[in-house]
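Accompanying notes for the structure given below.
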Amino acid sequence: MKCHKVDYEIIGNSMPMLEVELDPGETVIAEAGSMNYMEGDISFETKMGDGADPEEGVFSKLFSVGKRMITGESLFMTHFTNSGNQKRKVAFAAPYPGMVVPVDMSQTGDRLYCQKDAFLCAALGTRLSVAFSRRLGAGFFGGEGFILQKLEGDGMAFIQAGGSVVRKELNNETLRVDTGCLVGFSEGIDYDIEMVKGLKSMFLGGEGLWLATLSGTGSVWVQSLPFSRLADRIIAAAPAIGGDDKGER
């Protein structure tokens, strides 16, 4: 199924909203709870699965939903459709400060891999599934980065990231990234998780025990402030849950 061709506008900077413009009959799929507002004639329906294959059987849908459970995502997705006869808009936002990154998957080999909580929404026809790190042993201990979402299609997909985002273009090169700072990468990039070398670096470096290694030719998106890192700082600074009271009032 070819993806619907949607137009969009990103409103704001550090805490942006994504406004998607739908022609009559067009649909965008999104994670449950990410919608901000929608104009008249936009109807929505919660469905099991991404709707990329209208003829998909019940057991195939249940299998796909089971894989989404592994990523910790909702079992259902919300489909927003323009049921009117003129263009209408629907808006979405990430649940934490950062950026919304638009990706034209027709320019990434019709495939995009991203962190399990990075997907925000996409044009109908986009297929969502799960990808794993090849090294299962490293993956089980690597935490972030072991389980990835795989997006397939030829339309627009939108991913969310914390802080600022940089897009790195690799040309038969290698890039090593903190597993939490990796947002996503395109087709053509070989992905693996490796342990930090050296006991001193491992226990005293403060950079974590694992790194994501990306090699090949393609695009890599990196975020400056993963939500997990932000949450750790908030917890550490909150007196009620174990942090230090620094006297701020």
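Backbone geometry of the range 178-190 corresponds, through the Karplus equation with coefficients 6.51, -1.76 and 1.60 at θ = phi - 60°, to 3J(HN,Hα) couplings of 4, 4, x, 7, 6, 9, x, 7, 8, 4, x, 9, 8 Hz, x marking Gly and Pro. Shown in residue order for the range 89-99 are the 3J(HN,Hα) couplings computed by the Karplus curve 6.51 cos²θ - 1.76 cosθ + 1.60 at θ = phi - 60°: 10, 9, 10, 10, 8, 6, x, 8, x, x, 9 Hz (x for Gly and Pro). A cut-off of 5 Å between modelled amide H atoms, ignoring neighbours fewer than 5 places along the same chain, links residue 164 with 224, 225.
Close amide-amide hydrogen proximity is noted between residue 116 and 145, 149, each under 5 Å apart and 5 or more residues distant or on a separate chain (H modeled in the peptide plane; Pro and chain starts excluded).
Checked against a 26 Å cut-off, the cross-linked pairs 5/47; 2/168; 87/168; 89/168; 47/168 give Cα-Cα distances beyond that limit for 2/168; 87/168; 89/168; 47/168. Ordered from highest to lowest accessible area with the whole protein assembly present and a 1.4 Å probe, 47, 89, 5 read as 5, 47, 89. Backbone phi angles across the range 31-46, fed through the Karplus curve with coefficients 6.51, -1.76 and 1.60 (θ = phi - 60°), yield HN-Hα couplings of 5, 4, x, 9, 6, 9, 7, 8, 7, x, 6, 7, 10, 9, 8, 8 Hz in residue order; Gly and Pro are listed as x.
The values are calculated or read from the model by the stated rules, or taken from the named source; none is laboratory data. Keep in mind the model is a prediction, meaning the values are calculated, not measured. What goes into the accessible areas is simple: the full protein's heavy atoms, side chains included, and nothing from ligands, DNA or RNA. Shrake-Rupley method; radii C 1.70, N 1.55, O 1.52, S 1.80 Å.
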